[in-house]
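The structure appears right after this line, and notes come after that.
The values are calculated or read from the model by the stated rules, or taken from the named source; none is laboratory data. Just so it is clear, the model here is predicted, and its values are computed rather than measured. Using ideal geometry, Cβ is built from the backbone for each residue, glycine included, and neighbour counts are taken over all protein chains shown. Just the protein is used for accessible areas: all its heavy atoms, side chains included, with ligands, DNA and RNA removed. Shrake-Rupley method; radii C 1.70, N 1.55, O 1.52, S 1.80 Å.
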Amino acid sequence: MAATLLAWLLCLPRNLFKDTVYSTVVESAEGELLGARIAADGQWRFPPCDTVPRRFATALVQFEDRQFWWHPGVNPVAMGRALVQNLRSGHVVSGGSTLTMQVIRLSRNKERTVTQKLIESVLATRLELRCRKRTILAMYASHAPFGGNVVGLEAAAWRYFGRPASELSWAEAATLAVLPNAPSTLHLGKGREELLQKRNRLLKRLLEHGDIGADTYAAALEEPLPDAPLPLPALAPHYVERQEKGKRTRTTLRIELQKAVSAVTDRQSDELAKEGVADLAAVVIDNRTGEVVAYVGNASAYRDRPGVQVDIAASPRSTGSILKPFLYEAALQEGIILPHTLLPDIPVNLGGFAPQNFDRQFYGAVPANEALARSLNVPAVFLLRQYGVPKFHSLLQKAGLTTLTQTPDHYGLSLILGGGEGRLDEITAAYSQMAASACAPEAPRAHGGSSQLGRCAPGALYAHGKLAVWHTLDALKEVNRPDELDWRLIRSVRKAAWKTGTSYGFRDAWAVGMTPEYTIGVWAGNADGHGVPGLTGARTAGPVLFDILGILPKTDSWFEEPEEGVMAKVCTLSGMLATPDCPAEEMTIPKEGLQSDPCPYHKTGEFVLTPAMEWFYKPHHPEYIGAKSTKQTQALEFIYPSSGSTLYIPRQLSGEVEGVVFRVAHHSADATVFWHLDQTYVGETRFLHELRLAPDKGKHTLTVVDGEGNTASIRFTIAE
């Protein structure tokens, strides 16, 4: 007896459905189904649920096992009745199995024989000892066949009625309750009349038992059977693909917001497709929690095209100018610049890298905050050279950019202009961390989970740099909007700090916007990488960003200037620490800013830029006077090329050597400049100091001298 008892106690496997494979099921934050993928064995079998909706449980017990709540796993009366019926008919017409025994049979998948029936009976009693009745019912509901390749109640409810099992009507619950009884002969495409009759008989039994009222019964009889299996929801198809296969995942996506963002991106993508821009992606993050609340990996999934299956939001793409705010903030925090520090915007050649602004113009000198708002490339390169590529590369990795896998030397200064790649989801998360540190530093942000895209602790990069972040956001709110609306003049216009980016060749258009509550990231382009003329962040991705911003919950809050930093006297013209010669104003700056450079442009009360800066600054600033004399200023400066440059001599189609135009700036408008190539006089210029030369291959020195003996020299190499 002891051996028998021990054998009985050990006869049941710990996990009845250990080798069963399940569908991938992805839910919203509210528990709504976002999408699903079929199981590895080709079945629609959702991962098990712990509970069974009341209507289905009531209908199932009435149809399959009316003594379910009372028997110990086997029902001797039912089995005896089944035996008599089978003997009388000469074949099996009734099994007499309880729901508990059916759970055992589903887990073992053995042939239906008398021996197996006895084994199932023993195992059923053991299962009753281990589990509560509702758990056994849930196991049955999760693994019972419902016709075709549909297994389990949840999968059946979605496939046949397009809603979760908890929302089924009595007629729908009764239909699913009778289906597992003969799923191979009764389903939507076969035996429909017999299925309808079984359902109605079950409804009548529910009426007689008092489970439903007469009105409910009458209404249920009028409900038709579904015509065919329905497609499952596909609200975030690319996001579903990212989740763990064969599991049920509750994400942080908000169902209504996901629908709204998808509608916006689908509409915008269809319009952009007419211009040759096939693909569009968007990510929305709640700054307070760091959670992704809307995700469109690639809009308009219904529109057939080569890149429709590509999850662009998680794909590495050239970043263009989208990383500039991180450099501006870091430089502010380390005291390299102040918010309005003048940055050079002049031609430069750095080892063959000659950056240009998007509009192909130079402005001489531009305040750092204005350079950021206007997304000027040349000042950003000068700033990165000051800050250091290795430090910036490390900062971006700490911010969560996993795509920068090469060494800093590989990217060089081009890193700030799209020389590296980034993912929309990670870049948006990095911006969200910046915004979160400025709006609510005390609020805890969620960690972990399938929707956490940032790779570092939220706020860690900005724990001691909130003022620098605030100045960055303050500069970004001045970026010109695509709708040309001014939030200062129109109260209803949503205020946002935002930045755009456009990669080389018009292949990638970026836009990221921040409010205290949300960060929105948008990418537009073509998945295969081919460019489209006119594809820019401001023109293409920007309108999508503001459309999404318009559907987000509206508040009047904005980033407040933090109570930190120090007061300092700042030059009103250069934006740098004021000297005794500078016109000054007081300004709150990060305390590290006290270590920044003092203004070098004020001498004896005059505001004087370097000759090269002055050359490009004057046309845009008619109020600029410059130096009254050149005694205390640098008189001459080469504009092009930079010293150390390697140059190539262009030739015309005829083969004639065209030469290279060398440019020099001079403080005096009417000065005469004398040019010497390798100590040999080659010409003179006045007013406009440009000279075309065609030096031989090799290394050269070019020297210019004015009438007062001021000189400037550069060394360069003519390549073969």
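General remarks:
- Global geometry of segment 104-148, whether rounded, prolate or oblate, following the gyration tensor of its Cα atoms and the 1.5 cut on a/c: oblate
- Computed helical MRE - 222 nm, the chain, DSSP H runs ≥ 4 contributing -39500 (n - 2.57), nearest 500: -9500 deg cm²/dmol
- Counting DSSP beta bridges with both ends in the chain, the antiparallel % (nearest 5): 90
- Using only alpha-carbon positions in segment 186-300, the gyration tensor eigenvalues give semi-axes of 44, 19, 14 Å once each is multiplied by 5 and square-rooted (largest first).
- Percent accessible area from carbon and sulfur atoms, segment 250-351, protein chains only, probe 1.4 Å: 54
- The listed residues Y640, Y295, Y624, once ranked by accessible area (1.4 Å probe) with the largest placed first, stand as Y640, Y624, Y295.
- A DSSP coil position with no more than 13 other Cβ atoms inside 10 Å describes the following trypsin sites (Lys or Arg not before Pro) in segment 222-270: K245, K247.
- By accessible area with a 1.4 Å probe, ligands and nucleic acids excluded, highest first: order of L10, L34: L10, L34
- Between the C-alpha center of segment 356-374 and that of segment 576-620 there is a gap of 17 Å.
- For K259, a cut-off of 30 angstrom between C-alpha atoms picks up these lysines, skipping any fewer than 8 places away in its own chain: K245, K247, K274, K477, K495, K499, K554.
- Per residue, the solvent-accessible area of segment 528-644 (1.4 Å probe, heavy atoms of protein chains only, all protein chains present) comes to 52 Å².
- Chymotrypsin sites (Phe, Trp or Tyr not before Pro) restricted to DSSP loop in segment 675-720 with at most 12 other C-beta within 10 Å: F687
- Cα long-axis angle, helix 424-439 against the chain (0 to 90 degrees, to the nearest 10): 80
- Taking all protein chains together, R715, R385, R199 sort by accessible area into R715, R385, R199, largest first [probe 1.4 Å].
- Three-way shape call for segment 523-614 based on the alpha-carbon gyration tensor, with the a/c threshold at 1.5: oblate
- Label of the coordinate-derived value, semi-axes √(5λ) of the Cα gyration tensor in Å, listed as (i) 63, 32, 24; (ii) 75, 25, 22; (iii) 49, 29, 22: (ii)
- Loop-resident GluC sites (Glu not before Pro) (DSSP state other than H, G, I, E or B) in segment 544-635 with no more than 15 further Cβ atoms inside 10 Å of their Cβ: E560, E563, E564, E623.
- Semi-axis lengths (Å, descending) of the ellipsoid that matches the C-alpha gyration tensor of segment 345-397: 20, 14, 9
- Packing-based ranking, highest mean first, of 643-650, 138-145 given that Cβ atoms within 10 Å are counted: 138-145, 643-650
- Cα gyration tensor category, rounded, prolate or oblate, for segment 218-371 with a/c compared to 1.5: prolate
- Remark: the A2-S166 segment gains 54.5 nm on full extension, using 0.36 nm per residue and subtracting the alpha carbon distance.
- Estimated at the nearest 10 Å², the accessible area of W44 is 40 Å² with a 1.4 Å probe.
- Mean silhouette area of segment 163-232, derived from the convex hull of its C-alpha atoms and averaged over all directions, reads 4.9 nm².
- Degrees between helix 324-333 axis and first principal axis of the chain (Cα, 0 to 90, nearest 10): 70
- Per residue, the solvent-accessible area of segment 275-398 (1.4 Å probe, heavy atoms of protein chains only, all protein chains present) comes to 31 Å².
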